[in-house]
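The values are calculated or read from the model by the stated rules, or taken from the named source; none is laboratory data. Since the model is a prediction, treat every value here as computed from it, not as a measurement. Counting neighbours? That spans all protein chains shown, and the Cβs are built from the backbone with ideal geometry, glycine included. Accessible surface is based on the protein model in full, side chains and every heavy atom, while ligands, DNA and RNA are left aside. Shrake-Rupley method; radii C 1.70, N 1.55, O 1.52, S 1.80 Å.
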Amino acid sequence: MKDDGFDSKRIDDPYITEAYIPEEYHLKISGQGLKLANRNELRHPVGVVAAKSLRYFSSNGEDFNIFRARVMSVGWLRHIYNSFNWWKAYVVNAEGERKDMPMLYIGEEFGTATGDGGNEVDIVLSAFENDRCIVDQKLKGGTIFAVGYSERGGLFNSPDMYGIKTIVGSKYKGAGVTVTQNITKNLSLMAENTLKGSRKEISLNTIHEEIQKMKIVVLDRPRHDGLVKTIKNLGAQVILVKDDDLTPTFSATRNEIDMIIGVGGIPEAVLSAMIVEELGGEMSLRLLPASVAQNEKMLEVLHNWDLFKKNEIDILRNFKLVKPGTEKEGEIPWNKIWTSKDLARGKNLVFTASIIKNNPWVRLPDGKEAPGVKLNPETGDVTVHVVRIAENKLEIVPVLYRTAIGKYLKQYKIREERQDRTAENILVRLGNAYAEFGMYQKAKECLLKSLDSKDVDKDFLRGCNLIYEYVEGLDSLTNGFMQSPEQVIAHFKKLFYLDDRSDTGLRSWRMVKRFCEYLGDKNYRRQQYEIALTYYGKALKYSPHELKLYRKINIIQMKDMTEEYFQRIDKKYLEFNYQESRDWKSKKLGTALEIFYKNEGVLNFSCREPWLIFFRRTVLHGEKPSYKLAVLIKLLRLYRKLNRANETELSAFLQKEFGIKEEEIHLILDYRKIHKKFRSVGELYFVMGLYSESLSKLLLPSVKVESQNELEDANVPLSISLVEAMEKRYKNMLEELREGYKEETQEHFYAVAEAYHYVGLALYDEGDDCGAKLYYEKAVTFFHEIVEKFEGITPVNAQYRIGNLYEELGLLYEEEQVDYYEKAVNAYMSIIDERESMRLFGNIRGLIPVRINQSREKTEYLKKEILSLITQSNIQN
């Protein structure tokens, strides 16, 4: 029967048109409430990703197709999740950060529902498990794509970290197995539990005999070598798995294996906990520092498990996970032993997964392996087996997705019989549809047939040839032997230059960018840093203004400095017994300044403001995005005053804004006289006689965070990737406006605008003036939309922020300062002027005296600045 839980129009998918399921698996929503376990639509995020993954199956073993598949999955998940108007969902755990892969960010929000919180949902996902099976057909283990859901607060919220876990089936429940005991103790307890259950004698011999019957699953990693050796010495069978960190849990719940043990990712552990809670068994988990998790010798000693690095501690604190013995209300010690009930405590749990490549751990009721995703080339139907676990029941549902292939086949047959001249256009569409699902040979056959048609114009032939060459490139990437990077880049680059305005040309351009970024990542992992820098630089040419790429370059250029900083901070933190001293921020700042200026003359930086970028990555690490933004803006104003203000103005500014004493102000003025100019605000470090306390006041100033937004409670990296994610959600916000949900919508608009603002400032520091101006203007545009679309105090604040942004642009770009300051004045005047403010904000004018006074002060100051700048310009001319 047709599954109405899938709406191709709402998710804007031109290639998958409808979904069908066996009638016995149809779910129904009755009455009010979230009712996650009754929602058909939760099958489709994993189902669609599985169907779309067909185009990335390859035989050449090259990881580029895995990279592309992950980018695809993240995009479609965001799209589908934002199309659900019945929930507001939060990502509380997700794989990606540990491996620096495309990911949904922990803390990211989806959906458009608002209300009393009864429609709020937690999401945990584990992307592609055993993803190399997609590109290496010889590998065993299968591939799945898994996502879990619960009502809000029902799933463990943590960063993407490592943990050590044990999972046993229901027959060992209550045996006392836990991660803090050694493997010998755990297996002995399991053996004793079995002997008790069967009323057999418990002795060293019988325990040993029971252990010899056991099957233990362990991830095949060097960190587990000692563990594997011990298990074998005890006589148990070891089943080594390459990347199957999650799916063996199914076998444990069927009591087909006795235990899963070892170090793995937390997102996979949470999903395993859901399976255990729903299908039976027992689980324990302990968080681990990254350095310990990957080192066999460190792992063997229990007290090492508390040796988190300072940067890890900062991240954990954002999730209310703290050093044991320092917990405050609502906080949890990081040494807690988590059970499956702790990790998946929700009452409304739903686990979903799609079988992408048949997996030996996931079986149909008849015991056969659940088959992987398949496409029928004659009908265009894609069949995906979706695992669904809810209400203590496991189902493996064959979902049939109708695709555009079937539709175009029918249309072409009819037109061909009629000898209709539009048949060639249908062939092109059919070719594109085949290519969408990895049927490249079929796609090329359709395109060649259309090229052989008579009486077609030159533009059609040109476009068709372009598409054919694009599909040929995809075919080579996936099914042929991998070409050299230069050949791949040249092939797709050529297609862009043949037609840079067509959809095919633009897709070719994006393909080149992705391939260059992938090669950069690949060489970075191989520690081939110079080659990685070359490819990241190439990727930026094809995708300018992408902050994520700049950051990857910064990571390499500042790698040694950053590592030295965190090593020294860790040492100091250890000396203080994991406590932050009163002057801790000052110590962080001093350490960063010392390391940076020790290396500044030695290293080459490609950015404009290397100190500020290093400052972000070190001293401000773990701080909230809006706090970082406020600090950086204040430093920008300080830098401009240091270089532009006369002595009287600078003295007054330093005293009023930073509380610097008169004698130290003179030291700063004397330094400026000698050196003429501060190259960077960080150069205050060289002002002799300036106390460290004053240096901290200047470079790590106290700030008032004006604009809180939806990113505040999450450790989410503000990047262009995130901005794009927020933009996609923005379309659904327009639906909210029509449905009357205004309060939350304007919060999202504000968050998008501030994200653009942050990116604009970051791009300026990188030296990307075009990108900085572009994103500042995008921020202004969003603030304008808030003013136009909403009512209340938020539009007033948005109008004030527009003035702030133009004022900042004036500080950044001296040659355009007068123009930007005039725009800022106009923005502030809209608040001051009674008639204009009444037009924009209505009767709220009487409630905004503070903003009116602030705008007047800003306007008076800027008018004086404009006059002074014009006077100076006239004198110079």
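Taking all protein chains as they are arranged and a probe of 1.4 Å, the heavy atoms of R98 leave approximately 60 Å² accessible to solvent. Restricting attention to the stretch 734-877, lysine pairs at least eight places apart or on different chains and with alpha-carbon atoms under 19 angstrom apart total 7. Could you pull out the pairs from K634/K661; K444/K493; K548/K661 whose alpha carbons sit more than 29 Å apart here? In this structure, K548/K661 exceed 29 Å between Cα atoms. For the stretch 539-629, the list of trypsin sites (Lys or Arg not before Pro) that fall in a loop by DSSP and count at most 15 other C-beta atoms within 10 angstrom reads R582. Exposure check, 1.4 Å probe, all protein chains in place: E416 carries approximately 90 Å² of accessible surface.
The K661 and E747 beta-carbon pair, evaluated with R₀ = 41 Å, returns a calculated FRET efficiency of approximately 0.50. Go ahead and collect, in residue order, the members of the stretch 382-399 whose backbone nitrogen is under 18 Å from a label point 7 Å along the Cα-Cβ direction of E23. Within reach of a label on E23, which here means backbone N under 18 Å from a point 7 Å along Cα→Cβ, the stretch 382-399 contributes 398-399.
By its C-alpha gyration tensor, with a ≥ b ≥ c as the square roots of the eigenvalues, how is the stretch 355-449 shaped: rounded for a/c under 1.5, else prolate for a/b larger than b/c, else oblate? Here the stretch 355-449 falls in the prolate category.
I need the shape label for the stretch 1-120. Rule: rounded when a/c is under 1.5, else prolate if a/b > b/c, else oblate, with a, b, c from the alpha carbon gyration tensor. Oblate shape, in that a/c is at least 1.5 and b/c is the bigger or equal ratio. Projecting the Cα atoms of S626, I852, M190 onto the dipole axis of the chain, where Lys and Arg carry +1 and Asp and Glu carry -1 at the beta carbon, places M190 farthest toward the positive end. Relative to the 2.2 N^0.38 Å rule of thumb, the stretch 743-877 has a C-alpha radius of gyration ratio of 1.10.
Sparsely packed loop sites in the stretch 341-372 (the trypsin sites (Lys or Arg not before Pro) outside DSSP H, G, I, E and B with at most 12 other Cβ atoms within 10 Å) comprise K347, K368. Highest-first packing order for the peptide set 321-332, 273-284 is 273-284, 321-332, based on the mean count of other beta carbon atoms within 10 Å.
For the chain, the longest principal axis of the Cα atoms and the long axis of helix 720-739 meet at an angle of about 90 degrees. Give me the distance between the Cα centres of the stretch 51-101 and the stretch 271-350, rounded to whole Å. About 25 Å separates the Cα centre of the stretch 51-101 from the one of the stretch 271-350. In terms of accessible area, using a 1.4 Å probe and ignoring ligands and nucleic acids, T859, T781 rank largest first as T781, T859. Computed from the C-beta positions of E445 and R845 and an R0 of 60 Å, the FRET efficiency is 0.30 to the nearest 0.05.
Please give the helix 547-557 orientation as an angle from the longest Cα principal axis of the chain, in degrees from 0 to 90, rounded to the nearest 10. The angle comes out near 90 degrees. With the highest mean first, a sort of the peptides 455-462, 848-855, 156-163, 21-28 on other beta-carbon atoms found within 10 angstrom per residue produces 156-163, 848-855, 21-28, 455-462. Sequence-ordered 3J(HN,Hα) estimates for the stretch 333-340 from the Karplus curve with 6.51, -1.76 and 1.60 and θ = phi - 60° stand at x, 6, 8, 4, 8, 8, 9, 4 Hz, glycine and proline given as x. Residue-wise HN-Hα couplings along the stretch 856-867, as the Karplus relation 6.51 cos²θ - 1.76 cosθ + 1.60 with θ = phi - 60° gives them from phi, are 5, 4, 4, 5, 4, 4, 5, 5, 5, 5, 4, 4 Hz; Gly and Pro carry x.
Across the accessible surface of the chain, with the other protein chains kept in place and a 1.4 Å probe, carbon and sulfur atoms take up 48 percent. Dipole size of the chain about its Cα centre, with +1 on Lys/Arg Cβ and -1 on Asp/Glu Cβ: approximately 1160 debye, rounded to the nearest 20.
Subtracting the Cα-Cα distance of K541 and E378 from 0.36 nm times their residue separation leaves 54.5 nm of extension gain.
With the highest mean first, a sort of the peptides 43-51, 790-798 on other beta-carbon atoms found within 10 angstrom per residue produces 43-51, 790-798. Projecting the Cα positions of I555, L498, L279 onto the charge dipole of the chain (unit charges on Cβ atoms of Lys, Arg, Asp and Glu, taken about the Cα centre) puts L279 furthest along the positive direction.
Among the chymotrypsin sites (Phe, Trp or Tyr not before Pro) in the stretch 668-707, those placed in a DSSP loop whose Cβ has at most 15 other Cβ atoms within 10 Å are Y691. Dividing the convex hull volume of the alpha carbon atoms of the stretch 383-502 by its residue count gives 154 Å³ per residue.
Considering only G760, A827, L812, and ranking their Cα positions along the charge dipole of the stretch 743-877 that arises from unit charges at the beta-carbon of Lys, Arg, Asp and Glu, the one farthest toward the positive end is A827.
Where only DSSP H runs of four or more residues are counted, the chain gives -17000 deg cm²/dmol as its mean residue ellipticity at 222 nm, each run worth -39500 (n - 2.57). Cross-link pairs exceeding 23 Å between alpha carbons, from the set K588/K673; K9/K442; K88/K552; K320/K628; K336/K628: K588/K673; K9/K442; K88/K552; K336/K628. Its Cα centre serving as origin, the stretch 433-517 has a Cβ charge dipole (Lys and Arg +1, Asp and Glu -1) of approximately 140 debye.
In the chain, the convex hull through the Cα atoms has an average projected area of 43.4 nm², a quarter of its surface area. Between R507 and E815, the modelled label-to-label distance comes to 4.0 nm, taking each label 7 Å out from Cα in the direction of the beta carbon. Per residue, the accessible area of the chain comes to 44 Å², computed with a 1.4 Å probe over protein heavy atoms only.
Across all C-alpha atoms in the stretch 834-877, the radius of gyration and Dmax reach 15.7, 48 Å.
About the centre of its Cα atoms, the stretch 409-463 shows a dipole size close to 100 debye [charges on the beta carbon of Lys, Arg (+1) and Asp, Glu (-1) only; nearest 20 debye].
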